[in-house]
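Have a look at the structure below, then the notes.
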Amino acid sequence: MQKLIITCAISGAEVTKEHNPAVPYTVEEMSEQAALAYQEGASIIHLHARLDDGTPTQSADRFREIMEAIKKRCPDVIIQVSTGGAVGMSRDERLQPIVLNPEMATLDCGTLNFGGDEIFINTENDIIYFAEALQSRNIYKELECFEKGHIDSVLRLVKKGHILPPLHFSFVLGVNGGMSGEERDFLFLKDSIPSNATFSVAGIGRFEFPLAELSILHGGHVRVGLEDNIFIEKGVPAASNGELVAKVVKMAKQANREIASPAEARKILGMEK
Ligand code: KMH
Ligand code: ZN
């Protein structure tokens, strides 16, 4: 089996310090949380930017500051910029950080309810627009799929030539409004992608660790982090992103799965240009 690539989603756009005080907002906090995750075994940092008061922003200047601070502490880590941003942002607002030519970025592959009145909009034309923007800059895409229909959309757009390989999927399961994160959901998605594609799984809330375990056993990769889940175990807030990563590393060891370094992750995902 391939070595395990661990992504850490350190902050997100929705979770706040009221949920867990370790959620980073400032440049210093972002780089500190990224370093803790990296030291424990994360090779990819999934990055949203926030202002010092926690407001989500897609400002390229803010991303630049955070990325430079992270690279100072962990020079070889892969930074995966979010182009999802926060619900309600326009296409071009969301795409701002790609002017920095990050190594990797997310490509959200369909619309879904996001709880309450929120809708995270990704129309077919949005997906094509984002794919072309990333591909024209040679930025590696992680295909974020929140349900099976999103995978089908990707495969249609691959056939039409809008989305180019390599295909690396992220199944984000357990969002309030998206597909649940039970074992059968995971197996259905895993079996729905081409056999030469790679995938990672991000379980939201209580699905984080059960899905991590399944992905480890089935040859997939794993994303954890405070964006997705704020507890290290039921009712116990995680002290840091590092603690969440360390728990996955322990699970991987028990399953005899080695952890990929950033260089190994680049090879596994076919990122070398
Ligand atoms: N914050 C969500 C609305 C991504 O990073 O690409 C979107 C999101 C997905 O987190
Ligand atoms: Zn995100």
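The values are calculated or read from the model by the stated rules, or taken from the named source; none is laboratory data. Values in this document were obtained by computation on a predicted structure and should not be read as measured data. Note: ideal-geometry Cβ built from the backbone for every residue, glycine included; neighbour counts use all protein chains shown.
Of the residues making up region 224-244, those that are outside any loop (DSSP other than H, G, I, E, B) and either among the aliphatic types (A, V, I, L, M) or within 15 Å of PRO24 (Cα to Cα) (or both) are VAL224, ILE232, VAL236, PRO237, ASN241, GLY242, GLU243, LEU244. Can you tell me which residues in region 25-43 are in a loop (DSSP other than H, G, I, E, B) and without any contact (Cβ under 8 Å) to a residue 60 or more places away in the chain? Answer for region 25-43, where residues must be in a loop (DSSP other than H, G, I, E, B) and without any contact (Cβ under 8 Å) to a residue 60 or more places away in the chain: TYR25, THR26. Within region 1-44, restricting attention to residues that are within 11 Å of ligand 2 (Cβ to nearest atom) and β-branched (Val, Ile, Thr), the residue that is surrounded by the fewest Cβ atoms within 10 Å (Cβ to Cβ) is VAL15. Residue count for region 53-90, restricted to those that are away from ligand 2 (no atom under 16 Å from the Cβ) and under 26 Å from GLY116 (Cα atoms): 2.
Which ones in region 166-183 are within 23 Å of GLN2 (Cα to Cα) and over 18 Å from the mean Cα position of the chain (by Cα)? Residue satisfying the conditions is GLU183 alone. Taken over region 66-79, the criterion of being touching a Phe, Trp or Tyr at 6+ places or on another chain (Cβ under 8 Å) and within 16 Å of THR7 (Cα to Cα) is satisfied by CYS74, VAL77.
The conditions of being within 16 Å of ligand 1 (Cβ to nearest atom), out of contact with any Gly (no Cβ under 6 Å at 6 or more places or on another chain), over 23 Å from ILE216 (Cα atoms) and at pLDDT 95 or above are not met by SER31. Is it true that ARG257 is of a type in the set (D, E, K, R), within 12 Å of THR7 (Cβ to Cβ) and surrounded by 17 or more Cβ atoms within 10 Å (Cβ to Cβ)? It is false that ARG257 is of a type in the set (D, E, K, R), within 12 Å of THR7 (Cβ to Cβ) and surrounded by 17 or more Cβ atoms within 10 Å (Cβ to Cβ). Taking only region 193-227 into account, find how many residues are surrounded by fewer than 16 Cβ atoms within 10 Å (Cβ to Cβ) and hydroxyl-bearing (Ser, Thr, Tyr). Counting residues in region 193-227 that are surrounded by fewer than 16 Cβ atoms within 10 Å (Cβ to Cβ) and hydroxyl-bearing (Ser, Thr, Tyr) gives 1. Among the residues making up region 104-133, those that are within 16 Å of ligand 2 (Cβ to nearest atom) and in contact (Cβ under 8 Å) with a residue 60 or more places away in the chain are MET104, THR106, LEU112, PHE114, GLY115. Does region 213-223 contain at least one residue that is among the polar types (S, T, N, Q), closer than 17 Å to ILE44 by Cα, out of contact with any Gly (no Cβ under 6 Å at 6 or more places or on another chain) and away from ligand 2 (no atom under 16 Å from the Cβ)? Looking for residues that are among the polar types (S, T, N, Q), closer than 17 Å to ILE44 by Cα, out of contact with any Gly (no Cβ under 6 Å at 6 or more places or on another chain) and away from ligand 2 (no atom under 16 Å from the Cβ), one finds at least one in region 213-223, hence yes. Does VAL158 count as within 15 Å of ASP108 (Cα to Cα), aliphatic (A, V, I, L, M), free of Cβ contacts under 8 Å to residues at least 12 places away in the same chain and surrounded by 15 or more Cβ atoms within 10 Å (Cβ to Cβ)? Spelling it out, VAL158 is indeed within 15 Å of ASP108 (Cα to Cα), aliphatic (A, V, I, L, M), free of Cβ contacts under 8 Å to residues at least 12 places away in the same chain and surrounded by 15 or more Cβ atoms within 10 Å (Cβ to Cβ). Just one of (1) within 16 Å of the chain's Cα centre (by Cα); (2) under 19 Å from VAL99 (Cα atoms); (3) not small (Gly, Ala, Ser) fails for GLU14. It is (2). Under the condition of being under 13 Å from ILE98 (Cβ atoms) and not in a helix (DSSP H, G or I), the residues counted in region 52-67 number 2.
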